[in-house]
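The values are calculated or read from the model by the stated rules, or taken from the named source; none is laboratory data. Everything quoted here is computed from the prediction, not taken from an experiment. When we count neighbours, we look across all protein chains shown, and the Cβ atoms used for this are built from the backbone with ideal geometry, even at glycine. Note: accessible area is taken over every heavy atom of the protein model, side chains too, but ligands, DNA and RNA are not part of it. Shrake-Rupley method; radii C 1.70, N 1.55, O 1.52, S 1.80 Å.
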Amino acid sequence: MEVKATLMVFNESEVKAQRGVTEGQTLKPLVGSGERPTDRIRTALATYQAGTVEHLHWHPIEAYYYVISGHAIVRNIEGREYEVGPGTSIYCPPGIAGAHEWEVKESLQILSIRASTESVKKLQFTVDKKTKRSYIDLDELARRGGVSFKSHY
């Protein structure tokens, strides 16, 4: 019996950067999309310019971030602030209780890992800090493939 290798080895420099969700953010999709599909996870290298603010938001899937370089303040839904820098891990459970906000103080580079490769599960919902109401802009919803869903019945 012959076994065909499925191991992927590549350098981040070979991956083209694309626009992120927030102005001042770029993403390099490492695995879980495009040329390097996976079964269950999506990993990207995210870079934020100093001064970038990614407003309070949540995801319907787990998200994990590892800070490679730079500094930021991360806030949770209660407003608690965490100073993060190289070596910091940030785990965001799915749902509004795992909501988080980034205020980038020094150019930031993070490894972003999401628990799904399905576009409709990679949605990001912005949270109004006062009312806790969540929303997503229509153009972002369309970009993520969330305008029409298959029936679950």
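Checking each residue in the stretch 40-50 for being at pLDDT 95 or above and either touching an Asp or Glu at 6+ places or on another chain (Cβ under 9 Å) or open to solvent by 60 Å² or more (accessible area, probe 1.4 Å) (or both) picks out LEU45, TYR48, GLN49, ALA50.
Taken together, TYR65, TYR91, TYR135 contain a single residue that is without any contact (Cβ under 8 Å) to a residue 60 or more places away in the chain and over 24 Å from SER33 (Cα atoms), which is TYR135. Annotation note: Cβ proximity below 9 Å between a residue of the stretch 74-88 that is of a type in the set (A, V, I, L, M, F, W, C) and a residue that is not in a strand (DSSP E or B) (sequence gap 6+ or interchain) occurs for VAL74/THR88; ILE77/ILE96; ILE77/ALA97; ILE77/GLY98; ILE77/ALA99; ILE77/LYS129; ILE77/LYS132. If you check GLU23, GLU62, GLU54 for being surrounded by 13 or more Cβ atoms within 10 Å (Cβ to Cβ), within 21 Å of ASP137 (Cβ to Cβ) and of a type in the set (Asp, Glu), only one passes: GLU54.
Annotation note: of VAL74, VAL67, the sole residue that is at pLDDT 95 or above, open to solvent by less than 20 Å² (accessible area, probe 1.4 Å) and over 27 Å from ASP137 (Cα atoms) is VAL67. All of (1) assigned to a loop (DSSP other than H, G, I, E, B); (2) touching a strand residue (DSSP E or B) at 6+ places or on another chain (Cβ under 9 Å); (3) more than 17 Å from SER116 (Cα to Cα); (4) of a type in the set (A, V, I, L, M, F, W, C) hold for VAL74 with one exception: (1). With respect to the conditions (1) surrounded by 10 or more Cβ atoms within 10 Å (Cβ to Cβ); (2) at pLDDT below 95, THR6 lacks only one, and its number is (1). Of all residues in the stretch 105-135, those satisfying the criterion of being assigned to a loop (DSSP other than H, G, I, E, B) and either within 12 Å of the chain's Cα centre (by Cα) or buried (at least 16 other Cβ atoms within 10 Å of the Cβ) (or both) are ALA115, SER116, THR117, LYS122, LEU123, GLN124.
May I ask you to list the residues in the stretch 3-57 that are small (Gly, Ala, Ser) and assigned to a loop (DSSP other than H, G, I, E, B)?
Pass one, the stretch 3-57, residues small (Gly, Ala, Ser): 5, 13, 17, 20, 24, 32-34, 44, 46, 50-51.
Answer for the stretch 3-57, where residues must be small (Gly, Ala, Ser) and assigned to a loop (DSSP other than H, G, I, E, B): ALA5, ALA17, GLY20, GLY24, GLY32, GLY34, ALA50, GLY51.
Yes or no: the stretch 4-11 includes at least one residue that is farther than 23 Å from TYR135 by Cβ and touching a Lys or Arg at 6+ places or on another chain (Cβ under 6 Å). Within the stretch 4-11, one or more residues are farther than 23 Å from TYR135 by Cβ and touching a Lys or Arg at 6+ places or on another chain (Cβ under 6 Å).
Scoring LYS121 on the criteria (1) modelled with pLDDT of 95 or more; (2) of a type in the set (Lys, Arg); (3) closer than 22 Å to LEU138 by Cα leaves a single failure, condition (1).
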